[in-house]
Amino acid sequence: MNLAEGVQIVSFGILSVMMLGAAIGVVLLDSIVYSAFLLGGVFISIAGIYLLLNADFIAAAQVLIYVGAVNVLILFAIMLVNKRQEFQPVPRAWIRKAATAAVCAGIFALLSTMVLSTPWAISTATPAGNASVVVIGLHFFSDFLLPFELASILLLMALIGAVVLARREFLPDDDFEKAQAEALKLPERPRELVPSGRNETVK
Amino acid sequence: MQLQYFLLVAAALFCIGIYGLVNSRNAVRVLMSIELMLNAVNLNLMAFSNYLDPQTIKGQIFTVFVIAIAAAEAAVGLAIVLAIYRNRDTVDMEQFNLLKW
């Protein structure tokens, strides 16, 4: 990206604030549907950050796969298990929340001290930029060929496994047949049979 | 722009994902938290790929693989949630104690 430094910093700040706010909303909001839509906001913000990191192909893939596939899949799952039930409160739930918050704050403190104290070997080479798609394709078909093929097999296994898991084990037979019989019957008025012409000539 | 900004944002996102993973009652929200954590890892990989290895961008390759596996994980996870909902008639994580002694 050929942007000025100030523009990059401002857009990074906006995108990261959007991302973190939407992520907190995903975790803390009561309505699960709002959480799902905010998850789409998180994914789109991350795609914008990928654009700042000179990775346009991955940004497009992020929008296509995460927002287009995973988020829609989650919305469908919410639609299918849409049960409005009040979860009965667990005794001493605040202990778990406080402990988790403390652990998360600890992990964040640890990670941030590690990040800020490590002398990173920043490379000064010019980034691949627009040629990143070519480089990714070269990697896929030379030194990452085996993981690439394994990923396709994994996707096939996940497809079949999801179908097998989500399928109904048995069909309620009588309901099914009755519904089918009603569906196949044409809605027409009962009328008396007209004698055909051949019978009339016999008479 | 520095590498540390991206790493700090990714760490914050990962911690939010952990909090949601442990504290969610709804099973679908647990899957959403897992997606948040996977995206934090992706952000780390992309930042390293841009700042430490800008010529042979192997971090982007890893990100593509993580995205593929995350899509497979989401499909299978949501199918499992659907199957459990059909059996137990709830999505409350507190009542999924089939394997608890």
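Kindly evaluate B:L82 against the criterion of being facing chain A (nearest Cβ under 7 Å) and in contact (Cβ under 8 Å) with a residue 12 or more places away in the chain.
In short, no.
Looking at region A:28-47 only, could you name the residues that are part of a helix (DSSP H, G or I) and open to solvent by 20 Å² or more (accessible area, probe 1.4 Å)?
A:L28, A:I32, A:V33, A:Y34, A:F37, A:L38, A:G41, A:I44 - these are the residues of region A:28-47 that are part of a helix (DSSP H, G or I) and open to solvent by 20 Å² or more (accessible area, probe 1.4 Å).
Residue by residue, here is whether (1) under 15 Å from the mean Cα position of the chain (by Cα); (2) of a type in the set (G, A, S); (3) farther than 30 Å from A:A125 by Cβ holds:
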position: B:M46; (1), (2), (3): no, no, no
position: B:N50; (1), (2), (3): no, no, no
position: B:I61; (1), (2), (3): no, no, no
position: B:F65; (1), (2), (3): yes, no, no
position: B:A75; (1), (2), (3): yes, yes, yes
position: B:V81; (1), (2), (3): no, no, yes
position: B:N87; (1), (2), (3): no, no, yes
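Given A:I78, A:I95, A:I122, which one is in the same structural domain as A:L53 (by TED's automatic domain parsing) and either under 27 Å from the mean Cα position of the chain (by Cα) or open to solvent by less than 90 Å² (accessible area, probe 1.4 Å) (or both)?
The conditions single out A:I78.
Please tell me if A:A128 is of a type in the set (G, A, S), facing chain B (nearest Cβ under 7 Å), open to solvent by less than 30 Å² (accessible area, probe 1.4 Å) and touching a residue at least 24 places away in the same chain (Cβ under 8 Å).
Yes.
List, please: which pairs have Cβ atoms under 7 Å, are six or more places apart or on different chains, and start with a residue in region A:151-167 that is farther than 16 Å from A:F76 by Cα and at the interface with another protein chain (Cβ under 7 Å from one of its Cβ atoms) and end with one that is of a type in the set (A, V, I, L, M) and open to solvent by 90 Å² or more (accessible area, probe 1.4 Å)?
Matching pairs, first to second residue: A:L154/B:I69.
So which of B:Y19, B:Y51, B:Y85, B:Y5 ends up being within 28 Å of A:M18 (Cβ to Cβ), hydroxyl-bearing (S, T, Y) and surrounded by fewer than 20 Cβ atoms within 10 Å (Cβ to Cβ)?
B:Y5
Can you name every residue in region A:86-106 that is among the polar types (S, T, N, Q) and at the interface with chain B (Cβ under 7 Å from one of its Cβ atoms)?
A:T100
Of everything in region A:110-144, what is in a loop (DSSP other than H, G, I, E, B) and in contact with a Leu (Cβ under 8 Å, 6 or more places away or on another chain)? Give them in sequence order. Walk me through it before giving the result.
Within region A:110-144, the first condition is being in a loop (DSSP other than H, G, I, E, B), and the residues that meet it are A:118-128, A:142-144.
Result: A:W120, A:A121, A:I122, A:S123.
Within region B:6-14, does at least one residue satisfy the condition of being at the interface with another protein chain (Cβ under 7 Å from one of its Cβ atoms), under 29 Å from A:L80 (Cα atoms) and touching an Asp or Glu at 6+ places or on another chain (Cβ under 9 Å)?
no
The values are calculated or read from the model by the stated rules, or taken from the named source; none is laboratory data. Keep in mind that what you see is a predicted model, and the values were worked out from it rather than measured. Neighbour counts are summed over all protein chains in view; Cβ atoms, including those assigned to glycine, are modelled from backbone coordinates with ideal geometry. Protein only, heavy atoms only, side chains kept; ligands, DNA and RNA dropped before computing areas. Shrake-Rupley method; radii C 1.70, N 1.55, O 1.52, S 1.80 Å.
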